[in-house]
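Before any comments, here is the structure.
The values are calculated or read from the model by the stated rules, or taken from the named source; none is laboratory data. All of these numbers come straight from a predicted model, not from anything done at the bench. Neighbour counts are summed over all protein chains in view; Cβ atoms, including those assigned to glycine, are modelled from backbone coordinates with ideal geometry.
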Amino acid sequence: LLTFASEIETREIVAYMSERFGIPAETLADFSFLRGKRTIWIVPDSPELDGIFQELRVESAGIPLLREMTAGWKPTTAGLHFLGQKATRNVIELNDEELATFLKRGLIRRVFPAERGYVIVRYNGSVLGCGFYGGDVLRSQIPEERLRPLKRKPQVPINPLASGS
Amino acid sequence: VNHQRPRGFERYREIIPDYEDFLEALRQPPAVFIRANTLKIDVESFPPFMRERGYDVEPVRGLKEAFCLKGKGNPGATLEYFLGYYHIQGLTSMLPARILNPQPDETILDLCAAPGGKATHLAQRMRNRGLVVANDNQGSRVNILRSHIDRLGASSLIVCRYNGQDFPRRVLFHRALLDPPCSAEGTYRLGPRPFLRIGLTAMERLNKLQRALLHRALDVLKPEGTLVYSTCTYAPEENEAVVSDALMQGRAELLPISIPFPHAPGLNSWAGERFHPELIKAARFYPHHVNSWGFFIAHLRKRN
C-alpha cells in the first residue's frame with residue numbers, strides 16, 4: 001500500500017530532480033509524492049487525495065517517478081517522460097543512428113556533455129526515457145517490455161506513400 | 001430480461017434500422033482511429049506533427065481529439081505511440097468521456113477501467129487536474145492500464161482493484177463512468193467473437209453483474225452526480241434492461257445525449273418486456289452509421 005512521503009523525503013525528491021536534472025522546484029510544487037515498497041509515485045495535488053487514501057486501498061497513484069536502488073535513486077522512464085521536458089541538465093540528444101541502437105538496448109559509445117550517472121535521453125526534442133551514462137558510453141534503462149512492440153515490428157510509417165510500399 | 005438464446009445478429013433484424021446495410025458494414029474492415037494525447041501535444045499541432053513523420057491522419061468532425069489513421073501498418077508499434085503522443089481507440093469508445101464531460105478539479109470514478117482507454121481519456125479532458133479513480137479487478141488488464149497511464153502521462157489516475165460491485169461506499173464522486181463487462185457483440189468487425197455462441201447462463205450472469213455494478217456506481221455518486229453507462233454490445237438485455245432497472249427504482253433519471261454522430265434512440269421494449277419510457281434518450285451506435293464498432297450509451301443523473 002502507498003503512503004504519503006514525509007516532508008523530509010519530499011524535500012529530498014525535489015532536491016534530487018532539481019540538482020540532477022535542473023527541473024525547477026516550482027514545477028513540482030503542485031504534486032504529492034507517495035511511497036510504495038521501492039517506488040516513489042508522483043500525483044497532482046487534489047483536496048480529495050487525503051480522503052481517497054484514507055478510505056480506499058490504492059494500488060498505484062499517478063506515475064512512478066523514482067526507484068530506490070542500493071546506490072540511491074534511479075529515475076523511471078515513465079517519470080522522465082512526464083517531467084523530462086522541463087529538464088536542463090544531464091540531457092542527452094541522440095541522432096538517427098544512435099536512436100536505432102538505443103531502442104535495441106545497444107551501447108552508444110560517445111562522449112556527451114553530461115555527468116556520469118542517470119541521464120535523460122531525447123531524440124528530435126522528445127524524451128525517450130532514462131539512460132545510464134558512464135563517461136564515454138550510454139546504455140538504455142528503458143524496460144525491455146516497453147520496447148518490445150518497437151522491436152517486434154520495425155517502425156514502418158503507416159502511410160504507404162511514405163514507406164514506398 | 002429476454003431469455004431467448006441469441007443466435008448471431010438475426011434477432012436484431014427488427015430493431016436495427018437498415019438491417020441489410022448493417023450486415024454489409026460488418027463485412028468491411030473497421031477504420032483505425034487514434035486519440036491525440038493532449039497531455040503531450042495540442043490538437044492543432046497534432047496533424048502536422050504526424051504528417052511530418054509520414055502518417056496520414058484525418059480529423060474527425062465532432063470530436064476534436066479524434067483522428068482517422070489511414071494506410072497499413074501497426075499503429076501500436078511506432079515511436080510516436082511509444083512516446084505517448086496518441087492512443088489507439090475506437091471512435092465510439094471515445095464518446096463516453098465526451099458525454100460524461102468531466103471538469104477539472106472534480107473526482108471521477110471509472111468502475112471497470114481496464115485496459116484504460118476511457119479512464120486516460122477522462123484524465124486528458126480534465127488536463128490532469130482533479131482525480132480519476134480507475135478501478136478494475138482483473139490483474140493482467142490492470143497491468144495494461146498502468147502501462148497506458150505511464151505512456152500517456154495520465155498522472156491524475158489512482159488505481160484500485162476492488163470487485164466493482166463491492167467498491168467501498170465511503171468516497172463519493174462527482175461523476176462516474178461504467179463500461180461493464182459485456183458480450184462485446186459490437187466489436188464483431190475486429191474478428192468473430194465467442195459471443196455468437198453465448199449461452200443463456202452467461203447472458204443472465206452478465207445482466208446480473210451489470211445491474212449490480214450500476215447500482216454500486218450510483219451508490220458512490222454525490223447527489224445530482226452524473227454517470228455514463230456504456231457497452232459495446234447490441235443486446236437490450238445488457239443495455240436498456242440494465243438502465244431501466246435503475247430508472248424504475250427511482251434511483252436516477254436519464255439525460256439527453258447531444259452528440260454530432262448519427263445514432264438511434266434506446267429501445268422502449270424488447271421481446272415483450274417494456275422498459276422505462278425515458279430510455280429513448282439513450283443512444284445506440286451502429287457501424288453503418290458511424291464507421292467504428294457498435295456501442296450503447298446512457299447518460300444518467302442520480303436522484304436524491
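Residue-level check: of (1) in a loop (DSSP other than H, G, I, E, B); (2) surrounded by fewer than 17 Cβ atoms within 10 Å (Cβ to Cβ); (3) not hydrophobic (A, V, I, L, M, F, W, C), B:H289 misses just (2).
Would you mind stating whether B:G225 is in a loop (DSSP other than H, G, I, E, B), in contact (Cβ under 8 Å) with a residue 24 or more places away in the chain and over 18 Å from the mean Cα position of the chain (by Cα)? No. Determine, yes or no, whether B:S183 is at negative phi, facing chain A (nearest Cβ under 9 Å), touching a Leu at 6+ places or on another chain (Cβ under 9 Å) and in a loop (DSSP other than H, G, I, E, B). It is false that B:S183 is at negative phi, facing chain A (nearest Cβ under 9 Å), touching a Leu at 6+ places or on another chain (Cβ under 9 Å) and in a loop (DSSP other than H, G, I, E, B). Highlighted here are the helices (runs of 4 or more DSSP H) found entirely within the range B:38-111 that include at least 2 residues which are within 10 Å of chain A (Cβ to nearest Cβ) and in contact with a strand residue (DSSP E or B) (Cβ under 9 Å, 6 or more places away or on another chain): B:46-52, B:79-82. The residues of the range B:9-37 that are crowded, with 17+ Cβ neighbours inside 10 Å, outside any loop (DSSP other than H, G, I, E, B) and aromatic (F, W, Y), listed by number, are B:Y12, B:F22, B:F33. Residues that are surrounded by fewer than 13 Cβ atoms within 10 Å (Cβ to Cβ) and outside any loop (DSSP other than H, G, I, E, B) within the range A:108-118 comprise just one, A:R109. When the residues of the range B:130-171 are filtered to those that are hydroxyl-bearing (S, T, Y) and in contact with a helix residue (DSSP H, G or I) (Cβ under 8 Å, 6 or more places away or on another chain), the one that is surrounded by the most Cβ atoms within 10 Å (Cβ to Cβ) is B:S156. Checked against the criterion of being among the small types (G, A, S) and in contact (Cβ under 8 Å) with a residue 60 or more places away in the chain, the range A:96-116 has no qualifying residue. From the list A:G135, A:G125, A:G129, the lone residue that is within 14 Å of chain B (Cβ to nearest Cβ), among the small types (G, A, S) and either surrounded by 15 or more Cβ atoms within 10 Å (Cβ to Cβ) or touching a residue at least 24 places away in the same chain (Cβ under 8 Å) (or both) is A:G129. Using the structure shown, decide if A:G72 is within 19 Å of the chain's Cα centre (by Cα), within 13 Å of another protein chain (Cβ to nearest Cβ) and surrounded by fewer than 19 Cβ atoms within 10 Å (Cβ to Cβ). So A:G72 fails the test.
The sole residue among B:L131, B:L95 that is closer than 30 Å to A:I120 by Cα and at pLDDT 95 or above is B:L131. From the set of residues in the range B:203-222 that are of a type in the set (D, E, K, R), touching a residue at least 12 places away in the same chain (Cβ under 8 Å) and part of a helix (DSSP H, G or I), which is farthest from B:Y188 (Cα to Cα)? Checking each candidate, the answer is B:D219. For B:L279, the conditions (1) crowded, with 20+ Cβ neighbours inside 10 Å; (2) under 23 Å from B:L91 (Cβ atoms) all hold with the exception of (2). Checked against the criteria, B:P59 does not count as in contact (Cβ under 8 Å) with a residue 24 or more places away in the chain and within 23 Å of the chain's Cα centre (by Cα). Of the listed requirements (1) modelled with pLDDT under 95; (2) touching a Pro at 6+ places or on another chain (Cβ under 8 Å), B:S230 misses just one: (1). Restrict the check to the range B:245-256 and report whether at least one residue is crowded, with 21+ Cβ neighbours inside 10 Å, in contact (Cβ under 8 Å) with a residue 12 or more places away in the chain and in contact with a Gly (Cβ under 6 Å, 6 or more places away or on another chain). Scanning the range B:245-256, I find no residue that is crowded, with 21+ Cβ neighbours inside 10 Å, in contact (Cβ under 8 Å) with a residue 12 or more places away in the chain and in contact with a Gly (Cβ under 6 Å, 6 or more places away or on another chain), so the answer is no.
Residue by residue, here is whether (1) at pLDDT 95 or above; (2) of a type in the set (K, R); (3) within 20 Å of B:F82 (Cβ to Cβ) holds:
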position: A:I40; (1), (2), (3): yes, no, no
position: A:L66; (1), (2), (3): yes, no, no
position: A:A71; (1), (2), (3): no, no, no
position: A:A78; (1), (2), (3): yes, no, yes
position: A:R89; (1), (2), (3): yes, yes, no
position: A:E93; (1), (2), (3): yes, no, yes
position: A:E98; (1), (2), (3): yes, no, yes
position: A:K104; (1), (2), (3): no, yes, yes
position: A:L107; (1), (2), (3): yes, no, no
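Restricting attention to the range A:39-67, which residues are surrounded by fewer than 14 Cβ atoms within 10 Å (Cβ to Cβ) and either outside any loop (DSSP other than H, G, I, E, B) or more than 7 Å from every other protein chain (Cβ to nearest Cβ) (or both)? Of everything in the range A:39-67, those that are surrounded by fewer than 14 Cβ atoms within 10 Å (Cβ to Cβ) and either outside any loop (DSSP other than H, G, I, E, B) or more than 7 Å from every other protein chain (Cβ to nearest Cβ) (or both) turn out to be A:D45, A:P47, A:D50, A:Q54, A:E55.
Among residues of the range B:124-175 being of a type in the set (S, T, Y) and in a loop (DSSP other than H, G, I, E, B), the one that is farthest from the other protein chains (Cβ to nearest Cβ) is B:Y162.
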